[in-house]
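Data first, discussion second: the structure below is written as C-alpha cells.
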Amino acid sequence: MRRVREAMIVAGGAGSRLRPLTDTTPKPLLPFCGGPFLEGVVLRLAAVGVERVLLVVGADTAPFASFAGLFRNRGVHVDIVPEPEPLDTAGGVRSALDRVTGTFLVLNGDILTDVDLAGAVAHHLDADADATLVLTRVQDTSTFGVCVLEEGRITAFVEKPEPGSLPGQDTVNAGTYVLEPDAIARFPQGRLSFERTVFPQLVEGGAAVHGFVADGVWADLGTPERFLAGQRLALSGAMRWPTLDAFDGDAEGVRLASGVVVEEGAKLVGPLLLEPGVRVHAGAEVGPDVVLGAGVQVGRNARLQDSVVLASSVIEADVEADGLLAGIEVHVGRGVHVGREVVLGDGQRIAPGTRLEAGVRRPLPGA
C-alpha cells in the first residue's frame, strides 16, 4: 500500500470556550479517554504509516515538549514547530513547508474524527492531485461552506448556501488534507487561510483539487458539551479511539486500569474509564460516560455521570454531578450539586453543600 510518511497537526488554538481548563493545559493536550487528545491523533497517523509528525503550536512550546517524548520507541517521531504569532489556519503549515520532503497530511489538532486516512491518501495519489480535502456530508448547508464536486474534483466553494439551492451538493470541509508541497509553496509566508485563500485560489488557478467524501465521525471538541459528546462517542464504541486500546473493558464497556479500587456496594455503569489508582467508595454510582483520571477519589453515595474528572481530584460523599468537567487536584465538597457544563479549573475547591448552576465556571475566565 502506498503511504504518506509525514504529517502536520495544527494545534495552536487557544481553547477559550473550554476555559478555565485551558488556562493551564493547551486544548489539544487535554486528557481524552486515557491520554492527551493529541496522543490519539498521532497514533491514528502512525497506524497508516506516518513516521514523522510536525506539531504546529503557538508561541509557547514548553507544554508540548514532554508530549513529544511520549512517542520515543513507538514508530513515529514528533517535532514541535512554534508559531510565534497567529498565522491563521495555513500560515503555520506554510512556515514549516521546508521541513517536509513529499506528499503530506494536515490535520486539525482539536477535531475528533475517525475518517479513513489511508483511503484519503490513496485517493490523492491515484488522482495525481495537488490537494485533496477530506469532506463530510451535512443535512443543512446553510451554516457551512459547501465544496462543489464534479467527478471527485472540487470546482467551487459556496459559502452557506440555502438548503436546496445546490442540488446534490452537500459536502463540507472536514479539516483533514493531503497536500503536495508545491501547491502550498506558491503562497507567500505570513498569515494565510486554507479556507479563504489557499483552496479557492488553487481551484481558480486550475490546480487539481480533489474531494474525498468520508463517512464517519467528525466532531469539534471546543465547548464543554461537545467535549462530553465526543467522549461519549469514543467510550460507547461508536468510533475507535486509540488511547482506549490500552484498557480492557467488559461487555458493558467498563474499563478499569491497574490499582483501581471499587468498594463493595459501589455501582459502575458502563461505558466508562477509571484510570490507575482511582477509588470508588461504597454506595457511590459512577457512569455512564465517565472518565476518572489517575488517583481520583469518589466518596460514599456520590452520583457521577457524563463527566470528566482529571487526576488527583476528590469528589466527596453525596455529590451529584451530571456533565462536569473538572481539572487536576479539584476538591468538590460533600453534598455539592453540579449542573451541566460546569467547568472547574485545576486546584479549585468547592465548599460543602454548594449548588453549582449549569454553565458555571470556576475560576471565572480572566479572574
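Once fully extended, how much extra length lies between D116 and S236, figured as 0.36 nm per residue of separation less the alpha-carbon to alpha-carbon distance?
The D116-S236 span can extend by a further 41.2 nm.
Taking R0 as 30 Å, what FRET efficiency do you get between T24 and R137 from their Cβ-Cβ distance, rounded to the nearest 0.05?
0.20
Note the full-extension length gain between V360 and D182 as 0.36 nm times their separation in residues minus their Cα-Cα distance, in nm to one decimal.
In short, 59.3 nm is gained.
Tell me, Kirkwood radius of segment 46-161 from alpha-carbon pair distances, in Å?
Kirkwood radius, segment 46-161: 16.6 Å.
Dipole magnitude of segment 244-326 about its Cα centre, charges +1 at Lys/Arg Cβ and -1 at Asp/Glu Cβ only, in debye to the nearest 20?
So the magnitude is around 200 debye.
Near the amide H of T176, under 5 Å away, which other amide H atoms are found, from residues 5 or more places off or on another chain, if H is placed in the peptide plane?
It is V134, by chain and number.
Compute the Rg to Rh ratio over segment 265-312 from the alpha carbon atoms, using the Kirkwood formula for Rh, and round to two decimal places.
0.91
Given that compact globular proteins tend to follow 2.2 N^0.38 Å, what is the ratio of the alpha-carbon Rg of segment 183-303 to that value?
After normalising by residue count via 2.2 N^0.38 Å, the value is 1.61.
Against the 2.2 N^0.38 Å scaling, with N counting residues, where does the chain land? I'd like the Cα-based Rg ratio to two decimal places.
1.05
Eigenvalues of the Cα gyration tensor times 5, then square-rooted: what semi-axes does that give for segment 308-350, in whole angstrom, largest first?
14, 12, 8
With just the Cα atoms defining each centre, how far is segment 266-331 from segment 48-121? Give it in Å.
Going from one Cα centre to the other spans 33 Å.
How much FRET efficiency would the formula 1/(1 + (r/R0)^6) give for T101 and E329, where r is the Cβ-Cβ distance and R0 is 41 Å, rounded to 0.05?
Efficiency computed from Cβ-Cβ geometry: 0.40.
How big is Rg to Rh over segment 237-320, alpha-carbon atoms, Rh as the Kirkwood inverse-mean-distance radius?
0.94
Extension gain L70-R153, at 0.36 nm per residue separation less the Cα-Cα distance, in nm?
Difference between extended and current length: 26.0 nm.
If you split all Cα-Cα distances of segment 222-367 into 10 Å bins from zero, what percentages do you get per bin, shortest first?
13, 47, 33, 7, 0
With all distinct Cα pairs included, what does the Kirkwood hydrodynamic radius of segment 217-269 come out to in Å, to one decimal, could you say?
Evaluated on segment 217-269, it is 12.8 Å.
What's log10 of I(q)/I(0) for segment 1-65 at q = 0.15, 0.18, 0.21, 0.22 Å⁻¹, Debye sum over Cα points only, no solvent?
Calculated log10 I(q)/I(0) at the listed q: -0.51, -0.70, -0.89, -0.95.
Mind ranking 57-69, 12-24 by how tightly packed they are, going by the mean number of other C-beta atoms within 10 angstrom, highest first?
Answer by packing, highest mean first, reads 12-24, 57-69.
What number does segment 96-235 give for Rg over Rh if you use C-alpha atoms and the Kirkwood radius?
Ratio of gyration radius to Kirkwood radius: 0.97.
A short reminder: the numbers here are calculations on the coordinates, not readings from a lab. All figures in this text were calculated on a predicted structure; none of them were measured in a lab. As a convention, Cβ positions derive from the backbone with ideal geometry for all residues, glycine included, and neighbour counts pool all protein chains shown.
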